[in-house]
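Novice: Sharing a structure here in structure tokens format.
The values are calculated or read from the model by the stated rules, or taken from the named source; none is laboratory data. The structure presented is a predicted model; accordingly, all values stated were derived computationally and were not measured. All Cβ positions, glycine included, derive from the backbone under ideal geometry; neighbour counts span all protein chains shown. Remember, those area values only see protein heavy atoms, side chains included, never the ligands or the DNA or RNA. Shrake-Rupley method; radii C 1.70, N 1.55, O 1.52, S 1.80 Å.
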Amino acid sequence: MPDLDDLFPQAVSEATDEELVGELQRRGYLAHKPAPAVKPVEHDISRLKGDRIRLGVISDTHFGSKFQQPTYLVEHLRYMAKRKVEAVIVAGDITDGATKMHPGFEYELFALGADAQVAVAAEVLVPEAQRMKVPWYLIGGNHDYSHWKNGGVDVVGMLARESEWFHYLAPRGDFGPGDTPNFLVPGVANSRGSIGHVQFGHLLVQVNHPHMGSAYALSYRPQKWIEQLSPENKPNLVLMGNFHKVLQLDYRNVFALLLPSFQAQSGWMASKGISSYIGSAILEVGIEPKGLAPSVQVEWLIERVPRENDWPGGS
């Protein structure tokens, strides 16, 4: 019979990281390891003509909020289709989140709970994705993550299963329809900074949704973010959600955008003196960077007057 000392190393080597962490936690320990760099999702550029790609970028749709702006969103997506974008990137906060986001938050929602908010998002986004017939790349935001904290549900993973065109840039890589529903496994939800990467030829795009508040100087957050990027997988382009602002910045050979939203200023935002820009962007970017950075052209699509009560039952 083998000695237990011989069996234990073998058992450990064959166990998965999740099994080992689970066992440590059952014994009362807290196990932590910095998440490794995620392998970028490769976008198929075989049909691309030339060395430039056009991308539609949206963020912070906040489905379920009484301040959502789905009519504008659909108009923007259909304009993007006319402009023949090759992909759509969604930078988090697809849903408005659980009622525990802050006191009184439930009064700003018309759809309560993860299932209801995902259903509202799918009702708007799935038909548009089917019309456009281009890949969509999605991450979660802090409002999406509130559903995970509240009930262990990854709403972005749920939404990704609603359309063949949706690809969830989860920490374990691409996640789409038909894949194992690993978004139900603890630790898989896209929570730590809500970050994803897509490779378009030689162009590396990072899309992120920092879980932090805005700064008075709009450039502060993207500058600090870029300063902390690791040199070995430094992206050419950074697309940043969360702040509901409009800014483009070229810093340390990285081109960064702060993205507007599709949510008007809510009562909570007004009480904190926080503004909310409504809109999106279309980027035309070189996929074969020459020198230190690719050539980028930005078309901002900004709505100056929000639509009131743009939700079912609004009046």
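Novice: Only residues in the range 76-87 that are open to solvent by 40 Å² or more (accessible area, probe 1.4 Å) count as the first member; pair them with residues that are of a type in the set (Val, Ile, Thr) and part of a loop (DSSP other than H, G, I, E, B), Cβ under 7 angstrom, at least 6 apart or cross-chain, and list the lot.
Specialist: Within 7 Å, the pairs are Glu86/Val134.
Novice: Let me ask something else. Going by the structure shown, is Gln130 at pLDDT 95 or above and touching a strand residue (DSSP E or B) at 6+ places or on another chain (Cβ under 7 Å)? Walk me through it before giving the result.
Specialist: Working: at pLDDT 95 or above: yes; touching a strand residue (DSSP E or B) at 6+ places or on another chain (Cβ under 7 Å): no.
So Gln130 fails the test.
Novice: Only one of these is at positive phi and modelled with pLDDT of 60 or more: Gly22, Gly50, Gly56. Name it.
Specialist: Gly50
Novice: Hey, does the range 126-145 have a residue that's of a type in the set (Val, Ile, Thr), buried (at least 24 other Cβ atoms within 10 Å of the Cβ) and in a helix (DSSP H, G or I)?
Specialist: No, the range 126-145 has no match at all.
Novice: Do any strands (runs of 3 or more DSSP E) entirely within the range 204-300 hold 3 or more residues that are at pLDDT 95 or above and open to solvent by less than 10 Å² (accessible area, probe 1.4 Å), and if so, which?
Specialist: Because the criterion is at least 3 residues that are at pLDDT 95 or above and open to solvent by less than 10 Å² (accessible area, probe 1.4 Å), the strands (runs of 3 or more DSSP E) in the range 204-300 that meet it are 237-240, 254-258, 278-286.
Novice: Any residue that is modelled with pLDDT of 95 or more, surrounded by fewer than 17 Cβ atoms within 10 Å (Cβ to Cβ) and in contact with a helix residue (DSSP H, G or I) (Cβ under 8 Å, 6 or more places away or on another chain) - is there at least one of those in the range 307-315?
Specialist: yes
Novice: For the range 50-70, enumerate the residues that are farther than 13 Å from Glu284 by Cβ and either open to solvent by 50 Å² or more (accessible area, probe 1.4 Å) or of a type in the set (A, V, I, L, M) (or both).
Specialist: Ile58, Lys66, Phe67
Novice: What do you reckon, is Ala31 open to solvent by less than 60 Å² (accessible area, probe 1.4 Å), within 30 Å of Ser230 (Cα to Cα) and either at pLDDT below 85 or not aliphatic (A, V, I, L, M) (or both)?
Specialist: yes
Novice: With (1) in contact with a Leu (Cβ under 7 Å, 6 or more places away or on another chain); (2) farther than 26 Å from Glu288 by Cα as the list, and Leu239 as the residue in question, which single condition is left unmet?
Specialist: (2)
Novice: Counting only residues that are open to solvent by less than 10 Å² (accessible area, probe 1.4 Å) and in a helix (DSSP H, G or I), which one in the range 88-117 is nearest to Val207 (Cα to Cα)?
Specialist: Gln117
Novice: Checking Ala189 against (1) modelled with pLDDT under 90; (2) open to solvent by 40 Å² or more (accessible area, probe 1.4 Å); (3) hydrophobic (A, V, I, L, M, F, W, C), which single condition isn't satisfied?
Specialist: So the condition that Ala189 fails would be (2).
Novice: Identify the residue in the range 148-169 that is in a strand (DSSP E or B) and open to solvent by less than 10 Å² (accessible area, probe 1.4 Å) and, among all such residues, is modelled with the highest pLDDT.
Specialist: Phe166
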